[in-house]
Amino acid sequence: MNEYKNIIIGAGAAGLFLSALLNNSDTLVLEKNQYPGKKLNITGKGRCNITNACSKEDLFGEIFTNQKFLYSAINDFDNNRTVDFFNNRNLKTKVERGGRIFPLSDRARDVTDCLYKNNACTFKFNERVKNIEKSEEKFIILTDDNKYVCNNLVVATGGLSYPTTGSTGDGYKFLESFGHTIIEPRPALVGIETDSKYKEVFMGISLKNIEFKLIRNKKEIKSEFGEALFTHYGLSGPTILRLSPFIKKGDILSLDLKPALTDEKLNMRIQRDLDEAGNKMIKNSLNHLLLSNMIAPILELSDIDMEKNSNIINKEERQRLSNIIKNMHFKVVARRPLDEAIITDGGVKVSEINPKNMESKLVDRLFVIGEVLDVAANTGGYNLQIAFSTAYKAYLYLED
């Protein structure tokens, strides 16, 4: 009989990390893909943003779903310990803008190799788990071709984002069968569909040093400064991804193209550019202030004749132009679907999991780690840190 002390379902970030910590032949890792770390290998555009160099306080601040549940895990295994873990295994790291930490090689596959190669655990690939039962003190796991038995079972199957990598929600079904509540999975860190008539005109434009404000019922909910991208469906890029978990249909995304300038200073800048342009048409006078392919739509939104001479633009027109540059509205239609999301928000209800060791409160020796939990954080390495920290908490129990 295929019997082990521990079985981990899933060789993604959390499952691989736990296996590397355990590093023993009495642990089996079951993975339905042909190789480990399929999603891990494409994170960070193939570079793998392992964690972030921020303070522990800031790290907690980047967690937007069930932050309190993760206090114990992150306090026990924080970002500094993550870096030490990889460095001690000869994977050198570097810090980039925003505190993002990457392998020095810029290869996500090196992170997977660091966790998988020389790992004493037993790995079985192309092993899709079909059913799990518990008989007395043992778990019985049935795959397409085999039957396995274990004392301790760890579910590390991920969420529903990037389904082509194997994240198809299998863990939710297994855990529901044991009585666990699943908070409805929803896309987080995802692009936003808008109803702007300028989508085709703006498509492909990248913006830097801008600010987006999320407006609901005329009140500002949240804002983000940084970069954004216009797409065929609406908006994406870092600022939008970070706002996306909080966005609802009907909200307004207000774009400030010049957040470093006050209204007064922007007005003065516009006046100066128009004065220098003289009798040139206004559509040819704003290239130093705005991206060329945004000028015509912005003038249209400002209700200014594009062929009007710059030197006869009046105060009211300048003010309308300034208002649009500082406050261009995009109405939200929807978030993009889960299969386009970087992570899944939602998952196993955390009140049913012991935060001190990631063990189920409903089923003894059943452990849940990583993205399958109802936890989520912003981009920047924080979600992988959650995977590593929750894996470590389970490890502390399983190593005994």
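The values are calculated or read from the model by the stated rules, or taken from the named source; none is laboratory data. Here the structure is a predicted model, which means the values were calculated and not measured. Reconstructed Cβ throughout: ideal geometry from the backbone, glycine too, with neighbour counts over all protein chains shown.
Kindly establish whether F85 is under 19 Å from the mean Cα position of the chain (by Cα) and among the aromatic types (F, W, Y).
No, not satisfied.
Specify the residue that is farthest from the chain's Cα centre (by Cα); the eligible residues are those in region 240-278 that are within 16 Å of K331 (Cα to Cα) and of a type in the set (S, T, N, Q).
Among those that are within 16 Å of K331 (Cα to Cα) and of a type in the set (S, T, N, Q), it is S254.
Restricting attention to region 67-115, which residues are among the small types (G, A, S) and without any contact (Cβ under 8 Å) to a residue 40 or more places away in the chain?
Of everything in region 67-115, just one residue is among the small types (G, A, S) and without any contact (Cβ under 8 Å) to a residue 40 or more places away in the chain, namely S105.
Give me the residue from region 167-204 that is small (G, A, S) and farther than 25 Å from G234 by Cα and, out of that set, modelled with the lowest pLDDT.
Only one residue fits best here, namely S167.
Step by step: first the residues of region 136-145, then only those that are in contact (Cβ under 8 Å) with a residue 12 or more places away in the chain and either touching a helix residue (DSSP H, G or I) at 6+ places or on another chain (Cβ under 8 Å) or not in a strand (DSSP E or B) (or both), then the one that is nearest to E399 (Cα to Cα). Which residue is that?
For region 136-145, the residue satisfying everything is E137.
Considering only region 88-113, state which residues are of a type in the set (S, T, N, Q) and surrounded by fewer than 12 Cβ atoms within 10 Å (Cβ to Cβ).
N88, N90
Restricting to region 246-274, give me the number of residues that are part of a helix (DSSP H, G or I), surrounded by 12 or more Cβ atoms within 10 Å (Cβ to Cβ) and not hydrophobic (A, V, I, L, M, F, W, C).
Within region 246-274, residues that are part of a helix (DSSP H, G or I), surrounded by 12 or more Cβ atoms within 10 Å (Cβ to Cβ) and not hydrophobic (A, V, I, L, M, F, W, C) number 7.
Answer with yes or no whether T51 is surrounded by 21 or more Cβ atoms within 10 Å (Cβ to Cβ) and over 22 Å from L175 (Cα atoms).
Yes.
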